[in-house]
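Step one of this worksheet: look at the structure below.
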Amino acid sequence: MIASLFRRQLGVTLTSVPFFLAVSITVRRSLRALGAESEVSILKIFRLPTKKLESMKKPVAYAVAPLALVVCARILLGAVGTPEVWAQARPFYEGKTVNLIVFGAPGGGNDFLARLLIRHMPKHISGKPGFLVQNMPGAAGMIATNYLYTVAKPDGLTIGLIAPGLYQAQLIGRPEVQFDWAKLGWIGTDETSVLVIYIRADTGYKTVDDVRMPTDSLLCAESGVGSRNYAYVRLIGEVFGAKFKPVVGYKGSADMNLAVERGEVVCRSTSVAALLTTEPLKRWLKTRFIQLLVQSGKERHAAFPDVPTVWDLAEKYRLPEEDRQLMALALAAVDFGRPFVAPPGLPKDRL
């Protein structure tokens, strides 16, 4: 056991000459007080160089052997280090809890993804840490991202699921931005998202052509100006002339869906994943309470083959190259999916 401990911690073996020389000197100095016979017995047991003493007897050697083992074990343990040193060999995450900051409110698609993920993450991380979801909604994810960048320690015990469209807020220089998008510790994403805009079916509007016609604006619920959904709604309005007017300030998906149900607003942008996995959206699709107008992917999602993409509309309306470039910039947030990040400065071995 001592040998294996040395091999693990120091990379030496008990047969190495330098190792035996060090032990020989230490043992001699430590046990000289026990007398010549004891010293000789111990050194013989460990085959260390010593002078032959004719008076040495086997019974003495056998009697001293246990003492030799104990003393040398203490010497070796002292060389290896204290339990604090051994702890360094334990997985960093063993016995620890990782705090997962989620920019959405409880009950939304991002919250659902986070809580699904933490059921499986521990078994894939050395040390099997616990996970705790902390919802931090508000300002379209700005609050959560600012917290991760300026407050959370880069120790591997705090990570975040952030809003993918916030790079746009940094690009246009919004004063509330306290982060540098490129300096975040990028962990990964679940998938490339596809966004859709839905509208209440009882409005009578079924296509983007229809929503270009109203004289009054169609109110769409959004969490804030930095969200990818907000950017998507604005994009459809600016490029295709849809009469959408985002209404910001909702804390999360649950509040926005409730606003649609109550009739405070009539439309909203969300992801296909949320449509297919969360309530009340699944029920609304089944009961045809909502109508899908347009989706963001370059190709139509298999679940909604009859809903045109923005690129279908770009061809239909023969958009100029400048507008197509604007679309590509705005829709880059979709390619980020739902990104998981860490505070800047996290050591690479923990990222």
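At a glance:
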| item | result |
| --- | --- |
| Among (1) surrounded by fewer than 21 Cβ atoms within 10 Å (Cβ to Cβ); (2) closer than 21 Å to GLY226 by Cα; (3) under 16 Å from the mean Cα position of the chain (by Cα), the one test that ILE159 misses | (1) |
| In segment 198-217, residue farthest from LEU161 (Cα to Cα) [restricted to those that are buried (at least 22 other Cβ atoms within 10 Å of the Cβ) and not hydroxyl-bearing (Ser, Thr, Tyr)] | VAL211 |
| Selection within segment 236-269 - modelled with pLDDT under 95, in contact with a strand residue (DSSP E or B) (Cβ under 6 Å, 6 or more places away or on another chain) and of a type in the set (Phe, Trp, Tyr) | TYR250 |
| From LEU166, LEU195, residue being at pLDDT below 90 and either outside the structural domain of LYS286 (by TED's automatic domain parsing) or crowded, with 17+ Cβ neighbours inside 10 Å (or both) | LEU166 |
| Selected residue (only one of ASP155, ASP190 is in contact (Cβ under 8 Å) with a residue 60 or more places away in the chain, acidic (Asp, Glu) and farther than 16 Å from VAL102 by Cα) | ASP155 |
| Lone unmet requirement of (1) surrounded by fewer than 18 Cβ atoms within 10 Å (Cβ to Cβ); (2) touching a residue at least 40 places away in the same chain (Cβ under 8 Å) for LEU132 | (2) |
| Selected residue [touching an Asp or Glu at 6+ places or on another chain (Cβ under 9 Å) and surrounded by 14 or more Cβ atoms within 10 Å (Cβ to Cβ)] from ALA140, ALA144 | ALA140 |
| Hits in segment 293-314 - residues which are touching a Phe, Trp or Tyr at 6+ places or on another chain (Cβ under 7 Å) and closer than 23 Å to LEU113 by Cα | GLN295, SER296 |
| Candidate set: segment 236-256, residues that are among the aliphatic types (A, V, I, L, M) and surrounded by fewer than 24 Cβ atoms within 10 Å (Cβ to Cβ); chosen: the one nearest to PRO308 (Cα to Cα) | VAL239 |
| Segment 277-292, residues that are part of a loop (DSSP other than H, G, I, E, B) and more than 25 Å from ARG115 (Cα to Cα) | ARG288, PHE289 |
| Neighbours by Cβ (under 6 Å, 6+ apart or cross-chain): first from segment 84-112, in the same structural domain as GLY127 (by TED's automatic domain parsing) and closer than 30 Å to ASP255 by Cα; second surrounded by fewer than 21 Cβ atoms within 10 Å (Cβ to Cβ) and modelled with pLDDT under 85 | ALA105/LYS251 |
| Matching helices (runs of 4 or more DSSP H) fully within segment 297-351 where at least 1 residues are out of contact with any helix residue (DSSP H, G or I) (no Cβ under 7 Å at 6 or more places or on another chain), within 19 Å of ARG234 (Cα to Cα) and at pLDDT below 85 | 321-330, 332-335 |
| Residues located in segment 270-303, provided they are in contact with a strand residue (DSSP E or B) (Cβ under 9 Å, 6 or more places away or on another chain) and closer than 15 Å to ALA201 by Cβ | LEU275, LEU281, TRP284, LEU285, PHE289, ILE290, GLN291, LEU292, LEU293 |
| Number of the exception - LEU166 against (1) of a type outside the set (Asp, Glu); (2) over 21 Å from GLY249 (Cα atoms); (3) over 13 Å from the mean Cα position of the chain (by Cα) | (2) |
| Considering residues of segment 266-305 that are among the hydroxyl-bearing types (Ser, Thr, Tyr) and under 27 Å from the mean Cα position of the chain (by Cα) only, the residue surrounded by the fewest Cβ atoms within 10 Å (Cβ to Cβ) | THR277 |
| When residues of segment 114-137 are limited to those that are touching a strand residue (DSSP E or B) at 6+ places or on another chain (Cβ under 7 Å) and in a helix (DSSP H, G or I), the one farthest from ASP190 (Cα to Cα) | PRO122 |
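The values are calculated or read from the model by the stated rules, or taken from the named source; none is laboratory data. All values derive from a computational prediction rather than experimental measurement. FYI the Cβ positions are ideal-geometry reconstructions off the backbone, even for glycines, and counts take in every protein chain you see.
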